[in-house]
Structure formats: C-alpha cells, structure tokens
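Structure first, then comments.
Where a number appears in this text, it was derived from the coordinates with a stated rule and is not lab data. Model, not experiment: these values are computed from the prediction. Every residue, glycine among them, receives a Cβ derived from its backbone with ideal geometry; neighbour counts consider all protein chains shown.
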Amino acid sequence: MAVFTSCITSSLQPYLPSTENPWNETRVRHAFRRIGYDANKSMITNALAVSPSVLIDQLVNESLNVSDWPEPTWANFTDDDYTNLGLDFDEQTQANHGEVYRALVEQMAGETGLKARLILFWSNHFVTRLEEYYTSNHLYEYYKTIETHALGNFQNFVSDIGKTSAMLVFLNGLENTSFSPNENYARELYELFTLGVDNGYNQQDIEETSKALTGYNHRQNWTYPIYFDNSTFNTTDKTIFEQTGNWNYDDVVTILFQEKSPLIAQFICKKLYKYFVSATINEDVVTEMATLFVQDFNIANILRTLFKSQHFFDSKTIGIQIKSPYDMTISYLKITGFSLQDEFKEAIVWINGLIGQSLFDPVDVAGWQGDRDWINSSTLSGRWEILQWTIWHTWNNYNEELRTFAIESSNNSNDPYLISKSIIDRFMPVELFSTEDYQVATDIFKHNVPTNYYEDQLWNLQWDSAPYQVALLLLHLIKIPEFQLK
C-alpha cells in the first residue's frame, strides 16, 4: 500500500501573520470553511478586523457557549405513550427524526458551525445506524450525548456513549450477558473508538472486556430504554490489560485510559487532524497534538491549539479537502444568503442522503472515510443537479436576491469581469488558475447583452437581465472543479 508523506511542514506553533503569510480573506475563509460551514460577507469583514488568535477563540468559545437543543416533548416516549395519545407510531417517529435533523442543520447554518461539525464528526466516530434501532427516544439520547460531549472530556464521552440505548442495540451490548457473551462492542471500543486496529490490545483483552460490559440487558420492549440488570452481569474476575478484578463497565473505561492514554491520544488526534486539516497525515504534528491532548483529554483545548497553529493556516492546507455533501449544500446557502421555501429546508437532509451522507446512518461501522470517497461519477452529477435545482429555485421565487448578491459581492461594480471574479472567489478556496478561467466565466455572465453596452459602461447590475446573468454564472461556477474543494 502506498504511503503518502505530508508536504505541510509547518508546526503547531501559533500562526502570526507576516508578509509571506498574510492574514487575508483567503485564510479567513479557510478558517470558516474548515471550522464551520463557511461565512457570509459580514462575517468575513469582522474576522479580518481581529487577529487569527482572537477569531479562533471567538469561534471555539461561541460553540462552547451555544445552547443545547431543548429536550423535545417526545424525548422519553415509548410505543405506549404514542398509543395513549392516539398517535401513529411510525408516522410520529418519522416526524421526530425530522426534528433532530432540522436541529442539526440549523446549527450547521449558524454563525460558527463548529459544534454542528463536531456532532457530525463524532456521530461518524461513535457510529450507530438509526435504521437498526429506529426509535426516536434512542436517537435523542444518542444525539444529546454527542452534543453534550462534542467539545468536552473525551474519557467522559467514551464512558457515556457506550451506555446509550442506540449503541447498546447497534453493537449488540443488549445481547451481551454472562450466559451468552457478545464481543462486538468490546472489539469496536478498542478498534474503532479509542486505540485503532491491533494497537495495544489482543483477543484476550476483548474477551475479558466483553465480560465486564455485561448486564445492560433489561428493557420492557424495543421502544423502551435499556437498563443495567445485575442478574445478567458476569461477576467473575476479569484480566484487562494485565489488571485483574471483578471489573464492570466503568472500570473498563478507567483501566483503558489509565493504561493506554498515549495510544488513545495519538489515535484520536490523527482522526481530528484528518477531519480538519488533511487526509495526508503529518505524523510530527499529530504527535505534538497527542502530547497535549493526553494531559487532560479536553477536546476544545486541543482543537483551539490546532486551529491557531501555523500548520492549520499553512497555504498548503488550503483547498486540499473535498467537500462533504453537507459542506457543499450548507456553505452554498451560507455564502449566498438566498431564501428557501420550507419544503427545500426539509429536503436538504434527503438530498444529501442521495449523494452519500445520510445523518446518523454512515455507510458502515467504520463511518464515512470522506475526502476522495465523497466523489464519483454518480455523486458528482448529483451534486450538480442539486445546486442547479437550487439556483433555479432562487431565480423562480427570489430573483432579486441574485441581483443583491452580485451587488454585495462586487461592491456594485459595473465591470463584468470584476463582478464574475468577485462572485467566483467567494466560493473557491483559492483563486482560479488563470485569468483565462475567469474570462470564460465572464463571457457566460455577459450572456447576450451587446458588447458595446459593456465597453461604453451603459450596462450595470440594475438592468432587468442582471439576476438571470448571475444565475447563469452560478450554474457555471458549480461545475468548476475547485468548487468541490475547501
């Protein structure tokens, strides 16, 4: 298997702007695209007025302080509650799922988006599949656990996520009893959640751990929460990482972090690096991160350090990741600020599922691998079709917003080249390769307006044709390859 070496050689030391590495719109947009889901023009302007360190503190602190999603009325409902209220179980369950989806999408579209980005990241790390447990009370408990710990202490996160009913169903903890052990969660706890494949544990550790994780087997029926049942707990001594005792679930997590902290820190920092920086890992930087992370396992602290670093703002990190479906759709809406009818807001979740990213339903237990896996001939054409539909939706329902967007982007210029370039640059991580690329876009934007109207400066953005011209430009730019990058 080919091994790729990172060409990003800068360190985890704080980024200080210089003549060679200026604090400019390109780097500001980079920060917003990676930490959240892009930014509108006022957010960019405000960010340029402060230092990189101050901006990162603002983004992290806002996410730490954002209010959690309020508990819905149905958070603890079982099938009996729906029956007593005269509600159809399946119909109401689907509606409840929709509420969770909307809550997450609204967070993505918020000012920073970091909390939402991490909810998506952790749901792709501590993987479950909604179709396997289905009930909305299980989904809410799982979502709430991730939301609570997304920027918190990773050890506490590991402890709590494994006791959620969603996880107990998905990885067979519900079936793991003293009479009939099931090793599935024990294996994935080490392999996928904390250590990595074959890294610091063996088959005996898995077998002994599975015994310690027994007992979470009691529930009235499949719509009820799962509780610990001492009668199904294995009370024999277990030896885990050479530590022997009558260990239970909480003991497993304690021993794991006591004995394997450096390995855990390295594994998690590598995943965070891949998610926020590059699919090609810089092992030196990851090791620097792990050295800090192992001290307290505070997720917000290690991300704050990474986001402030020379490495994060290195020019070689900009525009090297492929957008996920949610990156593409949410960032488009955030940059443009275009209005959407309610049915399209509802459809965003369904649409992104069609092109490869269904919320709370990753492809397998290892989750979406991201980057190049997001793009193939089918999903690429799907991406184009979705945004084409969105552009025509705006043209048909809110066409004056197209004019407003062009005026805002270009400071009301009447130069078609400047207008085209200013709009394109708002969507691209870096400038296009050549002036010829911008000229092609400009020619499309000019449409069928006579050339002399531009030459004599008779045309401007107040013309009746301007909104349609902007729509044509948007239809062109979404097919520029760099549009798929962040």
Take the Cα coordinates of the range 279-431, assign each an equal point scatterer, and use the Debye formula without solvent to give log10 I(q)/I(0) at q = 0.18 Å⁻¹.
-1.22
With Kirkwood radius over Cα pairs in Å in mind, check [x] 24.6; [y] 25.9; [z] 23.2 and report the label derived from this structure.
[x]
Setting aside same-chain residues fewer than 8 positions from K308, which aspartates and glutamates have a Cα under 12 Å from its Cα?
D57
Take peptides 170-176, 334-340 and line them up by average Cβ neighbours within 10 Å, highest first, as a rough protection proxy.
170-176, 334-340
Could you state the angle between the C-alpha long axis of helix 377-397 and the longest principal axis of the C-alpha atoms of the chain, as a value from 0 to 90 degrees rounded to the nearest 10?
60 degrees
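Relative to the compact-globule scaling 2.2 N^0.38 Å, provide the ratio for the alpha-carbon radius of gyration of the range 198-276.
The range 198-276 yields a ratio of 1.34.
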What's the FRET efficiency of V54 with N301 using the Cβ-Cβ distance as r and R₀ = 22 Å, to the nearest 0.05?
0.80
Along the charge dipole of the range 266-367, pointing to its positive end and built from +1/-1 on Cβ of Lys, Arg, Asp and Glu, which listed residue (V349, F267, A366) has its Cα farthest out?
F267
What list do you get for H218, H97, H311 if you sort them by fewest beta carbons within 10 Å?
H218, H97, H311
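So, with +1 on the Cβ of K and R and -1 on the Cβ of D and E, and no other charges, what is the size of the charge dipole of the range 172-277 about its Cα centre, to the nearest 20 debye?
Dipole size: approximately 440 debye.
If packing is taken as the average number of other Cβ atoms within 10 Å across a peptide's residues, how do 294-302, 107-115, 64-72 rank, most packed first?
In descending order of packing, they fall as 107-115, 294-302, 64-72.
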Of the candidates N202, N246, I226, the farthest towards the positive dipole end of the range 172-277 (Lys/Arg Cβ +1, Asp/Glu Cβ -1, centred on the Cα centre) is I226
Report the charge-dipole magnitude of the range 1-87 in Debye, nearest 20, computed about the Cα centre from +1 at each Lys and Arg Cβ and -1 at each Asp and Glu Cβ.
720 debye
Neighbour-count ranking for V285, V197 (other C-beta within 10 angstrom, fewest to most) reads V197, V285
Points 7 angstrom from Cα along the Cβ direction at I375 and Q388: gap in nanometres?
1.9 nm
Distance in nm between label sites at I480 and D90, each 7 Å beyond Cα in the beta-carbon direction?
4.7 nm
So which aspartates and glutamates can K486 reach, going by Cα to Cα under 19 Å and dropping same-chain residues fewer than 8 places off?
E25, D38, E111, D314, D327, D371, D373, D425, E431, D437
Let me check against my output: what whole-number percent is the relative contact order of the chain, with C-alpha pairs under 8 Å and at least 6 apart?
18 percent
Which links in K144/K238; K238/K271; K115/K274 stretch past 21 Å when you go from one Cα to the other?
K144/K238; K238/K271
Among the aspartates and glutamates, select those whose C-alpha is under 13 Å from the C-alpha of K345, and discard any that sit fewer than 8 residues away in the same chain.
E99, E106
How large is the dipole of the chain about the Cα centre if only Lys and Arg carry +1 and Asp and Glu carry -1, each at its Cβ, rounded to the nearest 20 debye?
1160 debye
So the angle from the long Cα axis of helix 203-212 to the longest Cα principal axis of the chain, reported in degrees to the nearest 10, equals 80 degrees
To the nearest 10 degrees, how steep is helix 325-336 against the longest Cα principal axis of the chain, on a 0 to 90 scale?
40 degrees
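Can you show me the helix-derived [θ] at 222 nm for the chain, built from DSSP H runs with n ≥ 4 at -39,500 (n - 2.57) apiece and divided by the number of residues, rounded to the nearest 500.
Calculated mean residue ellipticity at 222 nm is -17000 deg cm²/dmol.
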Among 319-330, 346-357, what's the highest-first ranking by average C-beta atoms within 10 angstrom per residue?
319-330, 346-357
